[in-house]
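*Asks:* Pasting a structure here, questions to come.
FYI, it's all coordinate maths here, none of it is from the lab. These numbers were taken from a predicted model, which means no experiment stands behind them. Don't worry about glycine lacking a Cβ; one is built from the backbone with ideal geometry, like all the others, and counts go over all protein chains shown.
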Amino acid sequence: MISYENHFIDGQWVKPSNAHLKPSIDPYTETPFAMVTSGGTADDVDRAVTAARRAFASFSRTSLGERIALLDRIAAAYEERVDEISLLMAREVGIPVSARAQATGPLGHVKVARDLLRTYGFEKQMDGTIVRREPIGVCALISPWNWPMQTPVIKAIYGIAAGCTVVLKPSDASPITAIVMAEIFEKAGVPKGVFNLVLGKGREVGAALSIHPDVDMISFTGSTGAGAKVGEAAARTVKRVSLELGGKSANIVLQDADLEKAARWNIQRCFFNAGQSCHAPSRMLVHKDQMDQALSFLVDEASRYRLGDPKETETTMGPVVNRAQFDSIQRYIQIGIDEGATLACGGTGKPDGRNQGYFVKPTVFGDVAPDSVIAREEIFGPVLAVIPYSTEAEALEIANDSPYGLGGYVFGGDRERSYEFAARLRAGRICFNGAATNSVTPMGGYKQSGIGRSMGSVGLEEYLEIKSIYGFEEEAESLPQFAA
Ligand code: NAD
């Protein structure tokens, strides 16, 4: 069985200080397919941060042209391995190869960051003063397993585009995908110390990064609980913290909406990645008179999933990532049944004919009470809670009555009224009538869904410090002005 034993630090594959190996379990076969180091320690973190700090001195002074060329080389090295990455994510996390965006998406993000460097104003004048944006320093990147390549790639390339150096700690549920990412960065000729990878557990490696005095900024994506711990630890040395956390996003279907379109879209969007998606519309709000009709569309759409081997192209839903996630989803489905919601389809136990693999039945609950557990907590599985409302005012209140505020969705016939509704949702990213999102506009959450935004110019600024320089009014005149 193949073993992955090393971290990537200062341009070298190096042995961890604690050589503990852990099996990677294929969620489809429930058997190990590789052994990976999981014993990263605070000493390994210190080595990586020291390398990143050393590299920062020169990398922060590279020209935009050099960084654009570097991002181009990363894109080229990535492109060569897209199919392999797709298969690897199927094996490591259970993501079907048919979910092609998981493998190709990162490439698009590298290109967006590269193009941004051509237009972004790092130096501007504001009222006669020069205002510069400079790389913030050494950045710790902590990522989850559900977008095992895209999330760490976005963090690393925006950090590098800004002129920062980075230390990545990926989820210990998807370390091999991160190892391939490090190989790609190595092949692209990222200077030594600019990109470092330390593998291991959140409470060891993640905690050591969060507290390290020489880390200037932490970009964390994961659960709200872990994000809060990172924020607390980072506060001790006043690091900048960017948090992308959990969600319980609502899709509000106004009475004049195309109900069938809204319902079918909701299933597709909520059950993508077997429901393991931070922006999943896992609450659907439907007028009480339309509940039965909505449920019939939802059940029909859910029945179309082809569960199976994620490595097969016809599979549209794979197993969930691991036994712990399977057990957690089962517990929530049982809670939904016990709370008295209507089980429209799915339920506990494995789907018929799927005894092997961590498969969950696509599950839809109707008539869900807004204050019930399944309406309030992030389940992170293919489970949809459909909540009835009587008036639009009540729908808005239910949608906003959540500790989370990541995504929001509105379906409606009247554009003006729907826009008004979207504007009043307390969430960071809203889609109207199933509109697609893009990689240029900011992504992030209100309330306990996070702090800060990723992607595009706003995402780049997470990795930049701001400096005002006075006394150079003549030079400032030739610079573009910041818009008021
Ligand atoms: P998780 O919080 O368990 O782990 C995320 C990362 O944090 C992992 O690398 C983990 O090892 C590390 N970690 C855990 N405890 C830590 C600690 N005390 N200190 C430092 N690091 C620690 O989350 P997960 O199960 O990997 O991912 C699922 C969660 O991520 C969901 O809640 C989902 O909504 C969220 N998520 C959010 C977004 C977003 O953009 N808002 C995107 C993807 C996933």
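*Asks:* To the nearest 20 Debye, how big is the dipole of the stretch 250-432 about its Cα centre, given +1 on the beta carbon of each Lys and Arg and -1 on that of each Asp and Glu?
*Replies:* With only Lys, Arg, Asp and Glu charged at Cβ, the dipole is about 680 debye.
*Asks:* Give me the distance between the Cα centres of the stretch 316-376 and the stretch 9-72, rounded to whole Å.
*Replies:* The two parts, judged by their Cα centres, are 36 Å apart.
*Asks:* Can you put Trp145, Trp265 in order, fewest other beta carbons within 10 Å first? Kindly include the intermediate steps, with their values, before the conclusion.
*Replies:* Details: Trp145 24, Trp265 20.
The order, fewest Cβ neighbours first, is Trp265, Trp145.
*Asks:* Packing-wise, with mean Cβ within 10 Å as the measure, how do 160-171, 363-374 rank, highest first?
*Replies:* Going by the mean number of other Cβ atoms within 10 Å, highest first, we get 160-171, 363-374.
*Asks:* As an exercise, use a Förster radius of 35 Å and the Cβ-Cβ distance of Lys311 and Asn438 to find the FRET efficiency, rounded to the nearest 0.05. Numbers along the way, then the final one.
*Replies:* Numbers: r = 29 Å, r/R0 = 0.84.
About 0.75, to the nearest 0.05.
*Asks:* I would also like to ask the following. If the viscosity is 1.002 mPa s and the temperature 20 °C, what Stokes-Einstein diffusion coefficient in µm²/s follows for the stretch 304-409 when Rh is the Kirkwood radius over Cα pairs?
*Replies:* Answer from the Stokes-Einstein relation: 143 µm²/s.
*Asks:* How much of the DSSP beta bridge set in the chain is antiparallel, as a percent to the nearest 5?
*Replies:* 40 percent
*Asks:* Sorting Arg424, Arg269, Arg283 on the 10 Å Cβ count, fewest up front, what's the list? Write out the running numbers ahead of the final one.
*Replies:* On the way: Arg424 13, Arg269 20, Arg283 28.
Placing the least packed residue first, the sequence is Arg424, Arg269, Arg283.
*Asks:* Let me ask something else. Straight-line reach only, C-alpha to C-alpha below 20 angstrom: list the lysines that Lys248 could link to, leaving out same-chain residues fewer than 8 apart.
*Replies:* Lys248 reaches Lys361, Lys447.
*Asks:* Something else: Restricting to DSSP loop positions (anything but H, G, I, E, B) with no more than 16 other Cβ atoms inside 10 Å of their own Cβ, which chymotrypsin sites (Phe, Trp or Tyr not before Pro) remain in the stretch 400-484?
*Replies:* Tyr470, Phe472, Phe482
*Asks:* In whole Å, what is the distance between the alpha-carbon centres of the stretch 409-426 and the stretch 151-213?
*Replies:* First find each Cα centre; the distance between them is then 39 Å.
*Asks:* At q = 0.19 Å⁻¹, what log₁₀ I(q)/I(0) does the stretch 250-432 have when each alpha carbon counts as one equal point scatterer in the Debye sum?
*Replies:* Reported log10 I(q)/I(0), two decimals: -1.26.
*Asks:* If you don't mind, another one. Which aspartates and glutamates have a Cα less than 18 Å from the Cα of Lys467, not counting those fewer than 8 places away in the same chain?
*Replies:* Counting by Cα, and skipping residues close in sequence, Lys467 has these aspartates and glutamates nearby: Glu123, Asp127, Glu134, Asp216, Glu475, Glu477.
*Asks:* Report, for the stretch 250-432, the % of DSSP beta bridges that are antiparallel, rounded to 5.
*Replies:* Taking every DSSP beta bridge with both residues in the stretch 250-432, the antiparallel ones total about 10 percent.
*Asks:* Something else now. Using the Cα centre of the chain as the reference point, and only Cβ charges (+1 on K/R, -1 on D/E), how large is the resulting charge dipole? Debye, rounded to the nearest 20.
*Replies:* Roughly 840 debye for the chain.
*Asks:* Give me Rg over Rh for the chain, both radii from the alpha carbons and Rh done the Kirkwood way, two decimal places.
*Replies:* 0.99
*Asks:* Continuing with this model, one more query. Give the lysines reachable from Lys22 as a straight Cα distance under 21 Å; neighbours fewer than 8 places away on the same chain don't count.
*Replies:* Candidates past the 8-residue exclusion: Lys169, Lys201.
*Asks:* For the chain, what does the helix formula give at 222 nm: sum of -39500 (n - 2.57) over DSSP H segments with n ≥ 4, over the residue count, nearest 500 deg cm²/dmol?
*Replies:* Values: 16 runs with 181 residues, N = 484.
For the chain, the value works out to -11500 deg cm²/dmol.
*Asks:* Would you give the gap between the C-alpha center of the stretch 274-298 and the C-alpha center of the stretch 427-473, rounded to a whole Å?
*Replies:* If we compute the Cα centre of each part, the gap is 29 Å.
*Asks:* Counting other beta carbons within 10 Å of each residue's own, what order do Thr391, Thr315, Thr129, Thr221 fall into, fewest first?
*Replies:* By the 10 Å Cβ count, ascending, the order reads Thr391, Thr129, Thr315, Thr221.
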